[in-house]
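Read through the structure below, which is laid out as structure tokens, and then see the notes.
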There are 2 protein chains.
Amino acid sequence: MPRGAEKRQPKYQRIAAALKDGIASGLYGPGDRLPGESDLMATYGVARMTARQAFAALQAEGLVEPRKGAGVFVREFKVGIRRRGIQRLAVEVWSAGGSIWAADGTGHDPVVEFLGVAEEPAPGAVAQALGVPVGAAVLVRRRKFLLDGRPVMLATSYLDAALAAGTPIAEPDTGPGGVYARLAELGRKPVRFREEVRSRMPAPEEAKALALGPGTPVVLVCRTAFDADRRVVEVNEMALDSAAYVLEYEFDAV
Amino acid sequence: MPRGAEKRQPKYQRIAAALKDGIASGLYGPGDRLPGESDLMATYGVARMTARQAFAALQAEGLVEPRKGAGVFVREFKVGIRRRGIQRLAVEVWSAGGSIWAADGTGHDPVVEFLGVAEEPAPGAVAQALGVPVGAAVLVRRRKFLLDGRPVMLATSYLDAALAAGTPIAEPDTGPGGVYARLAELGRKPVRFREEVRSRMPAPEEAKALALGPGTPVVLVCRTAFDADRRVVEVNEMALDSAAYVLEYEFDAV
DNA sequence: GAGTGGTCTAGACCACCAA
DNA sequence: TGGTGGTCTAGACCACTCT
């Protein structure tokens with residue numbers, strides 16, 4: 001084999017690969033502390049910035065998490081919330097006054113932190129979906145969901161202000177069955193839903209609000225609710241901690 | 001207010017924020033070149049590593065993309081593929097010999113790069129789902145999908161080898177309607193699907209195979225296909241370029 | 001108080017790209 | 001060929017955590 005043809009790989013990548021092996025092999029388990037920067041400097045005979053680059057590569061993959069003053073630790077993944085996209089929105093769930101979350105099978109409901117409700121001018125895409133003029137007032141409800149004290153989702157719900165103003169929908173607590181039950185009482189019962197799912201890296205504000213470690217993407221779910229006349233009654237934009245969620249959609253082939 | 005209480009923000013974050021403003025305001029549009037490292041050093045009077053840290057922060061958000069020898073450029077997002085999770089798997093699509101992708105509305109089918117088919121011992125989770133003993137031979141089909149020459153998805157399909165071996169399913173080209181049409185001919189027609197959706201940062205191999213820039217997550221879709229007896233006939237694990245895809249699920253509330 | 005990671009400096013050599 | 005980003009060194013001071 002040709003001499004010196006394969007050896008070209010940056011030092012920091014070799015160090016990162018070695019650490020990754022240690023994680024994969026179980027030498028370092030979830031929550032364990034990895035060798036520190038000075039350990040790597042001594043072990044591999046490199047400068048500190050090189051050791052830091054190795055850690056940066058692992059952070060970018062979301063495998064490790066540095067803690068100031070303590071060390072670098074193997075990520076512990078949160079318990080997955082299994083979000084059953086279709087069953088959870090079945091009419092009987094919310095029409096019976098139940099929480100949509102009960103269908104998610106976590107065993108216990110999350111804490112909802114209410115961040116506010118307000119009338120605001122509609123963003124372009126939302127206005128178009130709701131069928132109101134761009135800039136028209138829409139009711140905006142913002143909430144944060146926490147499970148075991150950890151934030152897992154941010155949700156922003158948009159409704160036609162002409163429809164929802166003055167109803168319990170504009171209150172912090174919308175009552176049993178939530179917004180959908182109230183919409184049904186207003187004669188605008190949601191009968192069909194569309195969820196669009198995307199993913200990207202979080203903006204710094206999102207990372208802070210969800211307490212995301214480096215290398216953790218957010219999953220964006222945009223749900224549109226339709227009534228029997230195919231009119232849009234709600235648009236709900238959610239940002240989920242990708243380390244906390246599995247989205248499940250189960251359906252028949254016809 | 002307390003003196004000196006607010007001014008504490010690292011230089012590299014201030015520089016990153018200034019660049020981000022430039023992107024948000026349209027000063028730097030998609031594909032534009034940003035000021036280089038030496039520009040930042042001169043403009044802000046910082047060392048090179050500090051300027052690089054600022055760029056690293058933007059890369060982690062997936063906003064910019066460095067090109068060796070050329071500069072740092074604002075990311076251009078790919079055209080979104082709208083993947084209609086439910087309609088695309090309707091029986092009539094593949095039973096008529098059509099491509100599942102035709103329902104995705106991109107206007108043109110992707111190129112499929114066949115990476116191989118083989119019998120391999122089943123990974124634990126797959127074996128359990130397929131109802132075969134752990135380590136039993138399963139048929140594994142690996143493919144890469146490209147749109148306009150760019151890779152957008154990796155797919156690994158698992159089937160019971162006892163069922164699929166010796167059939168067109170074990171061939172590179174499975175014929176009109178694909179694997180599902182062949183399963184139907186074998187009396188194991190898929191009638192129900194479950195898709196589980198996750199997201200995380202890619203491993204280096206995935207990033208390379210999908211030509212992902214830094215700061216681009218992958219969306220993982222694990223599809224399980226059931227026949228009329230609720231037996232699992234296929235498990236398909238897919239890794240999607242999150243910058244190329246929007247997943248859509250539309251369903252009734254009952 | 002000792003050790004950790006966070007930030008920052010001031011240099012260096014290299015491979016790659018564009019003019 | 002000149003400028004770009006990629007890698008790397010050898011120091012420095014700081015805030016924080018742990019004990």
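Copy-to-copy label distances for residue A:36, where each label lies 7 Å from Cα along Cα-to-Cβ, are 3.9 nm in order of increasing length. Of A:31, A:62, A:213, the residue with the greatest mean-square motion in the GNM of chain A, using alpha carbon springs below 10 Å, is A:31. Say the cut-off is 26 Å between C-alpha atoms; which of A:68/B:11; A:20/B:11; A:78/B:189; A:68/A:208 go over it? The answer is A:20/B:11; A:78/B:189.
Both radii come from the Cα set of the stretch A:1-159: Rg as radius of gyration, Rh as Kirkwood radius; their ratio Rg/Rh reads 1.19.
State, as an integer percentage, the relative contact order of chain A based on alpha-carbon contacts under 8 Å between residues 6 or more apart.
On the way: 439 pairs, mean separation 45.2, N = 254.
For chain A, the relative contact order is 18 percent.
Using a label point 7 angstrom from Cα along Cα-to-C-beta, what distances in nm, from shortest up, separate residue A:128 from the other copies? Copy-to-copy label distances at residue A:128, shortest first: 4.4 nm.
Are there GluC sites (Glu not before Pro) in the stretch B:1-92 that DSSP marks as loop and that have at most 14 other Cβ atoms within 10 Å, and which are they? Spell out each step's value before the answer.
Working: sites: B:6, B:37, B:61, B:76, B:92; in loops: B:6, B:61, B:76.
For GluC sites (Glu not before Pro) across the stretch B:1-92 that sit outside H, G, I, E and B with at most 14 neighbouring Cβ atoms in 10 Å, the list reads B:6, B:76.
Spatially, the stretch B:174-191 and the stretch B:58-95 are offset by 30 Å when compared through their Cα centroids.
Placing a label point 7 Å from Cα along the Cα-to-Cβ axis, residue A:79 is separated from the same position in the other copies by 4.5 nm, shortest listed first. For the stretch B:123-165, relative contact order (Cα pairs under 8 Å, six or more residues apart, normalised by length) works out to 36 percent. Once all protein chains are placed together, residue B:254 keeps about 140 Å² accessible to a 1.4 angstrom probe. Among B:157, A:99, A:38, the order of accessible area from largest down is A:38, A:99, B:157, computed with a 1.4 Å probe on protein heavy atoms. Between the stretch A:12-41 and the stretch B:130-156, how many Å separate their Cα centres? If you average the Cα positions of each part, the centres end up 30 Å apart. The Cα atoms of the protein assembly as shown cover 68, 62, 42 Å along the three principal axes, with the biggest extent listed first. Residue-wise HN-Hα couplings along the stretch A:161-168, as the Karplus relation 6.51 cos²θ - 1.76 cosθ + 1.60 with θ = phi - 60° gives them from phi, are 5, 4, 8, 9, 4, x, 9, x Hz; Gly and Pro carry x.
Among the protein heavy atoms, those of residue B:112 account for about 70 Å² of accessible surface (1.4 Å probe, every chain in place). Think of it as helices only: each DSSP H run of n ≥ 4 in the protein assembly as shown is worth -39500 (n - 2.57), and spread over all residues that comes to -7000 deg cm²/dmol at 222 nm. Accessible area per residue was computed with a 1.4 Å probe on protein heavy atoms; residue B:154 scores about 40 Å².
In summary, the stretch B:11-74 shows an alpha-carbon radius of gyration equal to 0.99 times the 2.2 N^0.38 Å reference for compact globular proteins. Taking every C-alpha pair closer than 8 Å and separated by at least 6 residues, the mean separation divided by the residue count of the stretch A:11-74 gives a relative contact order of 42 percent.
The values are calculated or read from the model by the stated rules, or taken from the named source; none is laboratory data. Source: prediction; values computed, not measured. A quick note on method: Cβ atoms are made from the backbone with ideal geometry, for glycine too, and the neighbour counts reach across all protein chains shown. Note: areas computed on protein heavy atoms with side chains; ligands, DNA, RNA excluded. Shrake-Rupley method; radii C 1.70, N 1.55, O 1.52, S 1.80 Å.
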